[in-house]
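A short worksheet on the structure shown next.
Derivation of every value follows stated rules applied to the coordinates shown; laboratory data play no part. As the structure is a computational prediction, the values presented were derived from the model and not from experiment. When we count neighbours, we look across all protein chains shown, and the Cβ atoms used for this are built from the backbone with ideal geometry, even at glycine.
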Amino acid sequence: MIAGSKRFFRIVGTLVLISLLLVGCGLFDIRDPEEPTGTEVPYVTPVERYLALKNLEIATEARFAGNFQRAFAQDYVFRFDALDAGTDTTWNLDRDLQALTNLFENAPEDVDLTWTIRDSAYYGDDFYYGNLGYRVVFRASATDSVLIGGKCFLYFRYQGSEWLVYRWADIYDETADKTWGYARSHAAELFPPR
């Protein structure tokens, strides 16, 4: 009985080995290189609030509104500074993401965002950065750039296992002629379609 079992396992093992060799044919052949299907913009799960700011910085510099969507809560609201507000004083998540997409679509590829943290505190169970300074430079060339700057209040809520922005209140502060709110609502004027 033992000799028959050994023979059976030897036959099954041989068949498995032959099957693997047939299936694996060409596995190690040299292939033609393929173009990348897309670039991945880094996003770190914001288990700390500073990581949420870093994600917004990376998304801005990569001109990728998709990571803004990941960083914002579903009930997110963008509130314009009174000087930038037209007929609307606030935008919901979908409208703001569309504005960011429009802004980044024709913006130059060389973008730098700098945050300046001035004030922060808990707000009930939530958290905010108050008078958070920002400076964004869109550089088309060494002599051609667009600067937006100002301050904002960013309100964060811990949801699931991450900090998400649920409110952005923009504030004009004379550091630049244009704020985030202005840039969002005047993207076609700042960066005309090419």
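Toward the positive end of the charge dipole of the range 49-190, about the Cα centre and with charges on Cβ (Lys, Arg +1; Asp, Glu -1), which of ASN67, ALA52, PHE153 goes farthest?
My answer, from the dipole projection, is ALA52.
Given the peptides 185-193, 146-154, 171-179, arrange them by the average over their residues of other C-beta atoms within 10 Å, most packed first.
146-154, 171-179, 185-193
Residue separation times 0.36 nm, minus the C-alpha to C-alpha distance between THR101 and ALA142: what's the value?
This chain segment gains 12.3 nm when fully extended.
ILE11 to VAL44: extension gain in nm, 0.36 nm per residue of separation minus the Cα-Cα distance?
Gain on stretching ILE11 to VAL44: 6.8 nm.
Determine, from the Cβ-Cβ distance of ALA188 and ILE58 and an R0 of 35 Å, the FRET efficiency 1/(1 + (r/R0)^6), rounded to the nearest 0.05.
0.90
Measure out, as a whole number of angstrom, how far apart the alpha-carbon centroids of the range 144-194 and the range 64-92 sit.
Rounded to whole Å, the Cα centres lie 8 Å apart.
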